[in-house]
Protein chains: 2
Amino acid sequence: MVSIRKLALIGVGLIGGSLARALHRVRACRNIVGAGRNEAHLRKAQELGVIDAWTLSFAEAVKDADMIVLATPLGTMRPVMRQIARHISPDAFITDVGSAKASVVEDARATLGQHFPRFVPGHPIAGTEKSGVEHSFAELFEKRVVILTPLPETAISAIEGVRDMWGKTGAEVLTLDVAHHDQVLAATSHLPHMLAYALVDCLAQMQDRDEIFRFAAGGFADFTRIASSSPDMWHDVCMANREALLAVMKVFDSHLAGIQAAIENNDSAALRNIFTRAKNARDAFQSSREPAPAPSRRTPVQ
Amino acid sequence: MVSIRKLALIGVGLIGGSLARALHRVRACRNIVGAGRNEAHLRKAQELGVIDAWTLSFAEAVKDADMIVLATPLGTMRPVMRQIARHISPDAFITDVGSAKASVVEDARATLGQHFPRFVPGHPIAGTEKSGVEHSFAELFEKRVVILTPLPETAISAIEGVRDMWGKTGAEVLTLDVAHHDQVLAATSHLPHMLAYALVDCLAQMQDRDEIFRFAAGGFADFTRIASSSPDMWHDVCMANREALLAVMKVFDSHLAGIQAAIENNDSAALRNIFTRAKNARDAFQSSREPAPAPSRRTPVQ
């Protein structure tokens, strides 16, 4: 069922490309026009069948679009919004996919004018460490969470339109308060990326770096995978979610210092306590992600 | 080809059990006798076909054994060695699987007496976050590295015997200096475990822990998997490799502080530099783990 006539996709990378593929797969969108700064990338996206057409003009892309998705790095949101604002249709819904929301809301409030109530801040909690449309795939959002952070002035119709679009990708769509989103994501995503970057950078500068990487096992590969993420994108995330990220880094510091102190003081009880608490929390998190086992046939239904 | 008549396996968990399975699979060992403190675990290991027999007496286990493998947590090495020392055959090879080596060497030097030259400190760089013989599998060491850290007084025959045993599991066997092993492993394994434990413990104590874990994505699951590892085992690793671990934690601290400072100071260039350096190092590490692509048929052989 076609529900979007023309979707303007500003930024056709991993996330934007996967959204376009997912919508095409269920024929939810008649026409997806990609826009960006790199002609070669856009050509490739069209060749791959991800988008139906492309343009280097953001203004042209959004013209007559009933859905506008901003899927560019956070640092580019404001200039992009500024360029499209005058060309947005009066009934178009606008959303974004940025990993931090307060900064995008600020950008939108400063630039979108009359269109601001039809802007629904969004964030699909999905991705891989690989960037670019060539790594996009239609299943990326299946069973993943998309968080929308609408504001008091956001139109219900816009929220419903954006929710409907994401629902078609197989994602579960939830809403959260802007500040709360930014705190939660600072803790679960932005902080781990900082730790992975810091760890790999730290090891890469050691004298015996070749042996260090040679003797690293599978656990290390999993742990550091996110350090292969796009430096530009993560620079923007750090800047956009600066306050929340610095706050949670401070809390983390004190926890790591607690472990260090326990080791220094040979405090076995403290060390076992911390590790056991963490293991229990991690095991509970893992079980919550796994589907519940089917009820045993031997268990009588009361 | 049977090369070991009787293998005494002290500690039948994930690592010990997987070694026994791997040796049985290629019929490298006639008789594997497991020993430990928990009768139920040993019974289960025998039922699973992992070991051929079991005993609660370490002395009985090592009697007439030509290979003795110590696969218990690092903190138990010295008491176990003390108990077996008088019962070791004069031609038996002895090895261990501990994640830190200096402490085990100290334990062995203090307890094994005349048998010390036939003790070959070892460390298979393999494992999962799951403990226990029920999670053991014969393929665990395939294409993984086993590091031996022999000493100047270690007998060549013992090194060859232990190298031969590990070779039969499909592992690549390398040697390293004791102190160097402990430094390298502190960086690539022990430090990442501390970061994962600290992160999960930190998040688990936050007010909105339920939402935090609910909105965590796949990257977080990978990043924190190692926080599900055995608290007792990791307590012992921290204590055994205290100095090397504290040293590398200090270096890590300064790198994380560098990222924090760059965010605080809005230092975009510094942040991009760090992330790019780390991404390049991680990408290079990943390529080195992946098999080299087959040479193109179009490339003429010179």
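The values are calculated or read from the model by the stated rules, or taken from the named source; none is laboratory data. On a predicted model such as this, the values are computed, not experimentally measured, just so you know. All Cβ positions, glycine included, derive from the backbone under ideal geometry; neighbour counts span all protein chains shown. Side chains are part of the model used for accessible areas, which takes the heavy atoms of the whole protein and leaves out ligands, DNA and RNA. Shrake-Rupley method; radii C 1.70, N 1.55, O 1.52, S 1.80 Å.
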> Which value at 222 nm does chain A reach when only helices count, each DSSP H run of 4 or more adding -39,500 (n - 2.57), with the total divided by all residues and rounded to the nearest 500 deg cm²/dmol?
Replying inline: -14500 deg cm²/dmol
> So for chain B: antiparallel DSSP bridges make up what percent, rounded to the nearest 5?
Replying inline: 10 percent
> Per residue, how much accessible area does the range B:1-103 have with a 1.4 Å probe, in Å²?
Replying inline: 42 Å²
> What percent antiparallel are the DSSP beta bridges of the range B:1-85, to the nearest 5?
Replying inline: 0 percent
>> At 7 angstrom along the Cα-to-beta-carbon line, where would the label on B:Asp232 sit relative to the other copies? Give the distances in nm, shortest first.
In response: 5.2
>> Going 7 Å from the Cα of B:Leu56 along its beta-carbon direction, which residues of the range B:120-144 have the amide nitrogen within less than 16 Å of the resulting point?
In response: none
> In nm, to one decimal, how far is the A:Ala179 label point from the B:His180 one, both placed 7 Å along Cα→Cβ?
Replying inline: 5.5 nm
>> Looking at the protein assembly as shown only, what percent of DSSP beta bridges run antiparallel? Nearest 5 please.
In response: 15 percent
>> With +1 assigned to the C-beta of every Lys and Arg and -1 to the C-beta of every Asp and Glu, and no other charges, what is the dipole magnitude of the protein assembly as shown about the Cα centre in debye, to the nearest 20?
In response: 1380 debye
> Once the convex hull of the C-alpha atoms of the range A:175-269 is built, how many Å³ does it hold per residue, rounded to a whole number?
Replying inline: 155 Å³
> Given the range A:88-139, what whole percent of its Cα pairs are spread farther than 12 Å?
Replying inline: 69 percent
>> Once neighbouring chains are kept in place and the probe is 1.4 Å, which whole percent of the accessible area of the protein assembly as shown is contributed by carbon and sulfur?
In response: 50 percent
> In debye to the nearest 20, how big a dipole does the range B:1-134 give about its Cα centre with +1 on each Lys and Arg Cβ and -1 on each Asp and Glu Cβ?
Replying inline: 120 debye
> Distances over 25 Å make up what percent of all Cα-Cα pairs in the range A:1-143?
Replying inline: 19 percent
> Which whole-percent values make up P(r) of chain A when all C-alpha to C-alpha distances are grouped in 20 Å steps starting at zero?
Replying inline: 29, 51, 19, 1
> How large is Rg/Rh for the range B:121-246, to two decimals, with Cα atoms and a Kirkwood Rh?
Replying inline: 1.05
> Which of the peptides B:77-88, B:97-108 is most tightly packed, and how do the rest follow, judged by the mean count of other Cβ atoms within 10 Å per residue?
Replying inline: B:97-108, B:77-88
> What ratio of Cα Rg to 2.2 N^0.38 Å holds for the range A:23-106?
Replying inline: 1.09
> Comparing B:Ala92, B:Ala278, B:Ala216, which has the greatest mean-square fluctuation in the GNM of chain B with Cα pairs linked when under 10 Å apart?
Replying inline: B:Ala278
>> Skipping prolines and chain starts, which residues have an amide H placed within reach, meaning under 5 Å, of the one on A:Ile125, given they are 5 or more residues away or on another chain?
In response: A:Val145, A:Val146, A:Ile147
> Going through the range B:129-214, which GluC sites (Glu not before Pro) have at most 16 other Cβ atoms within 10 Å and a DSSP loop state?
Replying inline: B:Glu139, B:Glu142, B:Glu153
> Put the label 7 Å from Cα along Cα→Cβ for B:Glu139; what are its distances to the other copies, in nanometres, shortest first?
Replying inline: 2.0
>> With an 8 Å Cα cut-off and a minimum separation of 6 or more residues, compute the relative contact order for the range B:17-70 in percent.
In response: 35 percent
>> Using Cα-Cα distances under 8 Å and only pairs 6 or more residues apart, what relative contact order does chain B have, in percent?
In response: 16 percent
>> Which of A:Arg272, A:Arg118, A:Arg109 ends up with the largest GNM mean-square fluctuation for chain A, with Cα atoms connected below 10 Å?
In response: A:Arg272
> Assuming R0 = 30 Å, what is the FRET efficiency of B:Gln207 and A:Ala155, from their Cβ-Cβ distance, to the nearest 0.05?
Replying inline: 0.40
> Cross-link list B:Lys101/B:Lys168; A:Lys44/A:Lys168; A:Lys6/A:Lys63; B:Lys130/B:Lys279: which exceed 20 angstrom alpha carbon to alpha carbon?
Replying inline: B:Lys101/B:Lys168; A:Lys44/A:Lys168; B:Lys130/B:Lys279
> What list of ³J(HN,Hα) values in whole Hz, one per residue of the range B:28-33 in order, does the Karplus curve 6.51 cos²θ - 1.76 cosθ + 1.60 (θ = phi - 60°) give from phi, with Gly and Pro shown as x?
Replying inline: 8, 8, 6, 9, 10, 9
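Once the mean 1/r over all distinct Cα pairs of the protein assembly as shown is inverted, what Kirkwood radius in angstroms do you read off?
After inverting the pairwise mean of 1/r, the radius is 26.6 Å.
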>> Viscosity 0.692 mPa s, temperature 37 °C: give me the Stokes-Einstein translational D for the range A:1-72 in µm²/s, with Rh taken as the Kirkwood radius over C-alpha pairs.
In response: 284 µm²/s
> Computed over the Cα atoms of the range A:141-190, what is the convex hull's projected area averaged over all directions, in nm²?
Replying inline: 3.6 nm²
>> Distances in nm, one decimal, shortest first, from B:Glu39 to the same residue in every other copy, taking the label point 7 angstrom along Cα→Cβ.
In response: 8.1
> Based on Cβ point charges of +1 for Lys and Arg and -1 for Asp and Glu, what charge dipole magnitude is obtained for the range A:146-302 about its Cα centre, in debye rounded to the nearest 20?
Replying inline: 780 debye
